[in-house]
Amino acid sequence: MWDRFFRLSENQTTVSRELLAGLVTFLTMSYILFVNPAILSRFDGQPTGLDHDAVLLATCVASAVATLIMGLYARYPIALAPGMGHNVFFVSVIVTLGAMGLPTPWRVALGIVFIAGMLFLLLSLLGVREAIIRAISPSMKNSIAVGIGLFIALIGLRHGGLVVGRPGTLVGLTSKITSPEVAVFCVGFLVTGVLYVRRMTGALLWGILAGAAAAVGMGKVTWPETFFGLPRIEQTAILQMDLASAVTASCLPFIVIFLFMDLFDTIGTLIGVAEQAGFIKDNELPRAKQALTADAVGTVVGACLGTSTVTSYIESAAGVEQGGRTGLTSVTTALLFLLALPFASVIRTIGQYDPITAPALVFVGIMMIRNVRKIDWDDSSEAIPAVLVIGGIPFFHSIADGMALGLVAYPILKLLGGRGREIGWLMYLLAAVLVAYFVLVRA
């Protein structure tokens with residue numbers, strides 16, 4: 001039955017491989033279960049009005065629902081959860097709305113996310129977002145995958161303690177090369193690397209477990225006294241959106257920003273993971289509408305439950321690299337999100353110590369960077385914007401902004417280079433909208 005529904009044989013995979021891939025995806029993104037409640041419940045040490053455990057419940061359930069839709073409806077091994085960056089912006093909106101004198105700004109912010117989610121869903125059902133994916137050339141698609149690969153490899157190196165901020169050079173190698181953080185990262189990286197070279201199944205997972213064992217041995221991680229306990233919610237956030245205040249003119253800019261952030265973050269992640277898994281055929285992503293609908297529904301459900309925008313996660317590439325090729329991977333990850341609720345203390349122990357999962361991020365980045373060979377380097381009109389995307393995503397520390405840089409340059413170079421007819425009108429419209437967005441909104 002599973003083979004028929006998920007087409008396991010057609011995708012040359014097995015049930016055990018899909019289950020393992022789903023577990024790896026979950027482990028690499030489990031940090032969101034603890035980071036998101038911390039971000040949304042407090043800002044600069046001050047409470048936002050959202051209860052910590054209420055956000056934890058919303059994070060687990062919304063992630064599970066959206067990921068289940070992705071697995072059962074779109075049948076892709078892509079997991080979803082409240083997006084990093086989106087949650088920080090969400091809190092800044094709460095602070096801004098509070099400064100405007102609104103009595104319950106967190107409820108208005110949830111209303112804004114809900115409205116933005118409904119717009120995401122409408123654009124998905126109308127095929128607008130799918131048309132945007134289709135309009136992007138193969139070279140640009142692969143450059144997005146490479147840029148995201150560099151981005152998550154950089155995040156992994158930073159989480160592992162190897163890369164630190166430097167005033168003169170922005171980033172550099174840490175001076176604490178013998179620190180426990182670096183040691184844990186090196187153990188996990190070495191185990192993963194050796195097993196990967198030997199083509200052993202579960203290399204990323206074994207690397208994570210090896211890093212966890214090293215962290216325990218060095219005293220950096222202490223196992224919790226109890227392994228069980230459901231969230232204790234003092235203030236529910238379920239169906240607490242203030243839609244009446246959210247539809248006012250003063251909130252319109254926030255709706256637009258959430259719309260653009262989710263639109264391009266999701267497209268970038270889908271393209272990056274799809275290229276990594278080999279899903280894109282003849283410049284087409286099959287079932288793109290279903291995949292884009294999953295994160296739109298996830299955002300609506302998340303707002304109803306009490307969390308910020310739900311979006312596709314680039315950490316899904318870890319499961320793809322582990323061999324996940326079907327929706328069964330996503331179904332596994334979704335169930336683990338629900339099972340995490342009574343085991344929150346254990347997930348916190350592993351997920352909150354970044355050096356444990358950092359090697360997996362670096363290896364996923366390495367695998368995604370391989371797509372650089374698929375870019376048409378002989379065509380300057382393709383290569384130049386591709387380089388802007390590859391460099392923009394990690395240097396801007398934003399998938400959306402890096403993509404936008406290349407997507408604006410692409411039609412301009414084609415048009416002024418006398419090859420404007422090679423691309424459709426949608427690319428020109430997209431570039432114009434992005435320019436207007438940066439000038440009128442971001443500026």
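FYI, it's all coordinate maths here, none of it is from the lab. Only a predicted model underlies this, so the values are computations on that prediction, with no experimental measurement involved. Reconstructed Cβ throughout: ideal geometry from the backbone, glycine too, with neighbour counts over all protein chains shown.
I need the calculated FRET efficiency for the pair Leu230 and Asp282, taking r as the beta carbon distance and R₀ as 35 Å, to the nearest 0.05.
Step by step, r from the Cβ atoms, then E = 0.15.
Given the pairs Lys289/Lys414; Lys176/Lys220; Lys141/Lys414, which are separated by over 20 angstrom at their Cα positions?
Flagged as over cut-off: Lys289/Lys414.
Translational D (Stokes-Einstein, µm²/s) of the chain at 20 °C and 1.002 mPa s when Rh comes from the Kirkwood sum over C-alpha pairs?
97
Quick one, could you list the DSSP H helices from the chain stretching 24 Å or more along their long axis (Cα atoms) with average Kyte-Doolittle hydropathy of 1.6 or above? Could you put the intermediate results ahead of the total?
Numbers: long enough: 52-69 (26 Å, 1.73); 105-125 (30 Å, 2.03); 138-159 (31 Å, 1.02); 180-197 (25 Å, 1.93); 252-277 (37 Å, 1.56); 288-305 (26 Å, 1.03); 399-416 (26 Å, 1.58).
Flagged H segments are 52-69, 105-125, 180-197.
Using amide H atoms built 1.01 Å from N in the peptide plane, name the residues 5+ places from Phe43, or on other chains, whose amide H lies under 5 Å from its own.
Excluding prolines and chain starts, which carry no amide H, the hits are Thr48.
Neighbour counts of other C-beta atoms within 10 Å: give me Ile384, Ile255 arranged from fewest to most.
Result, fewest neighbours first: Ile384, Ile255.
Starting from the Cα-Cα distance between Leu126 and Arg198, subtract it from 0.36 nm times their residue separation and give me the gain in nm to one decimal.
21.3 nm
For Val171, which sequence-distant residues (separation of 5 or more, or a different chain) have an amide H within less than 5 Å of its own amide H, given hydrogens modelled in the peptide plane?
Placed amide hydrogens put Arg166 under 5 Å from Val171.
Assuming R0 = 45 Å, can you tell me the calculated FRET efficiency for the pair His397 and Arg4, based on Cβ-Cβ distance, to the nearest 0.05?
Working: r = 43 Å, r/R0 = 0.95.
Calculated transfer efficiency: 0.55.
Please give the length that would be gained between Asp379 and Thr178 if that part of the chain were fully extended, namely 0.36 nm times their separation in residues minus their C-alpha to C-alpha distance (nm, one decimal).
Once the chain is fully extended between Asp379 and Thr178, it gains 67.8 nm.
Whole angstrom only: what separates the Cα centroid of segment 138-161 from the Cα centroid of segment 251-273?
Between the Cα centres of segment 138-161 and segment 251-273 lies a distance of 18 Å.
Tell me what the chain gives for mean residue ellipticity at 222 nm when only DSSP H runs of n ≥ 4 count, each as -39,500 (n - 2.57), the sum divided by the residue total, rounded to 500 deg cm²/dmol.
-20500 deg cm²/dmol
Sorting check: for 359-369, 57-67, which peptide has the highest mean count of neighbouring beta carbons within 10 Å, and how do the rest follow? Each step should come with its number before you reach the end.
Values: 359-369: 24.3, 57-67: 27.5.
In descending order of packing, they fall as 57-67, 359-369.
Can you tell me, using C-alpha contacts under 8 Å and at least 6 residues apart, the relative contact order of the chain as a whole percent?
Details: 823 pairs, mean separation 147.4, N = 443.
Reported relative contact order: 33 percent.
For Leu209 and Ser92, compute 0.36 nm times the residue count separating them, minus their Cα-Cα distance, and round to one decimal in nm.
Length gained between Leu209 and Ser92: 38.5 nm.
For segment 272-420, what D do you get in µm² per second when you plug the Kirkwood radius from alpha-carbon pairs into Stokes-Einstein at 4 °C and 1.567 mPa s? Write down the numbers at each step before the final one.
Working: Rh = 18.1 Å.
My calculation gives 71 µm²/s for D.
Calculate the length of the line joining the C-alpha centroid of segment 399-416 to that of segment 193-210, in whole Å.
If you average the Cα positions of each part, the centres end up 38 Å apart.
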